[in-house]
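This report refers to the structure that appears directly beneath it.
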Amino acid sequence: VAIGLARLGLDAAIVSKVGRDIHGDYLLACLEREGVDRRWVSIDAQAPTAQCYMTESIDGVPEYYAWPSVNASKCMLPDEQTDELF
């Protein structure tokens, strides 16, 4: 959504957390390249970046699988967000 808004010429930012890994590096690079404000994306040195996989069941219903169950985005804490964010 943030990338789509930035492509439309609107100011866009994202609040999240990524792991200190290849997936987090990739996401940060994509956001920067697309002009999304990523100053609210923190990096977690302990937890990996979240990934989501979509498969389809035999009857054609999409199924989503988030991996790993403990990931950087789930490790965001309220005290990590400042008043400036809001």
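The values are calculated or read from the model by the stated rules, or taken from the named source; none is laboratory data. All values reported here derive from a predicted model rather than from experimental measurement. Cβ coordinates were reconstructed from backbone atoms using ideal geometry, including for glycine residues, and neighbour counts include every protein chain displayed. Protein only, heavy atoms only, side chains kept; ligands, DNA and RNA dropped before computing areas. Shrake-Rupley method; radii C 1.70, N 1.55, O 1.52, S 1.80 Å.
Ala12 falls short on exactly one of the conditions (1) surrounded by fewer than 10 Cβ atoms within 10 Å (Cβ to Cβ); (2) of a type outside the set (Ser, Thr, Tyr); (3) touching a Leu at 6+ places or on another chain (Cβ under 7 Å), and that condition is (1). The set of residues in the range 63-86 that are in a helix (DSSP H, G or I) and at pLDDT below 90 comprises Pro78, Asp79, Glu80, Asp83, Glu84, Leu85. Of all residues in the range 20-42, those being closer than 21 Å to Ala6 by Cβ and touching a residue at least 24 places away in the same chain (Cβ under 8 Å) number 13. Val41 satisfies every condition listed in (1) open to solvent by less than 60 Å² (accessible area, probe 1.4 Å); (2) over 23 Å from Ala12 (Cβ atoms) except (2).
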